[in-house]
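For reference, the structure discussed in these notes is given below.
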Amino acid sequence: CGNSPEGKWPVVRAAEGWRKSELFIANTRARQLAFKEITQKKSRLYDPLVRNNRLYIRTNEGAPRYALYEVDPAKPARANWRKIIPEHPHEVLDSFSVVGGQILVDYPAATVSRLLSAPIALAAVSTAASGLPRSPSWRSR
């Protein structure tokens, strides 16, 4: 479960073990609080984070090593999700955070984790054949 910092968009994650989760979102500014499912009951995993009036979702839907999507909470239908970090060709996108206008993503590789950051303003991130993002604004930590 989570909520946007200003309290407008609460998100509930209902999990069925490690094989399936569903996301529900509501608008606390609406006349009646009603949670709406946004993941279409698929047998996939979804990890939400609401920041700056945007919903970020890490999922293995169509991406066994996970991808990251940005969603307008006011228009959360699956057709409106925008992929901002595609599935890595070799590594699993283990976790992510949004901090100070940056998206931080973690790709653990063997016993070492690699943390990358990029401005949220990037429309999409492409990856090189090596798997490292091409954008010069990405910084390894």
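The values are calculated or read from the model by the stated rules, or taken from the named source; none is laboratory data. Just so we're clear, the structure is a prediction, and the values are computed from it rather than from any experiment. Cβ placement follows ideal geometry from the backbone for every residue including glycine, while neighbour counts extend to all protein chains displayed. With ligands, DNA and RNA removed, areas are computed over all heavy atoms of the protein, side chains included. Shrake-Rupley method; radii C 1.70, N 1.55, O 1.52, S 1.80 Å.
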State all residues of the range 63-80 that are open to solvent by 20 Å² or more (accessible area, probe 1.4 Å) and in contact (Cβ under 8 Å) with a residue 24 or more places away in the chain; if no residue qualifies, say none. 65, 66, 74, 77, 78
Which condition breaks for residue 29 when tested against (1) free of Cβ contacts under 8 Å to residues at least 40 places away in the same chain; (2) part of a strand (DSSP E or B)? (2)
The residue that is nearest to residue 75 (Cα to Cα), considering only those in the range 1-26 that are part of a loop (DSSP other than H, G, I, E, B) and open to solvent by 50 Å² or more (accessible area, probe 1.4 Å), is 8
So which residues in the range 18-71 are small (Gly, Ala, Ser) and over 24 Å from residue 87 (Cα atoms), if there are any at all? 26, 30, 34
Could you check the range 57-103 and list, in sequence order, the residues that are modelled with pLDDT of 95 or more, in contact with a Leu (Cβ under 8 Å, 6 or more places away or on another chain), hydroxyl-bearing (Ser, Thr, Tyr) and not in a loop (DSSP other than H, G, I, E, B)? 59
If residue 29 satisfies every condition in (1) crowded, with 19+ Cβ neighbours inside 10 Å; (2) out of contact with any Pro (no Cβ under 8 Å at 6 or more places or on another chain); (3) within 19 Å of residue 2 (Cα to Cα) but one, which is the exception? (1)
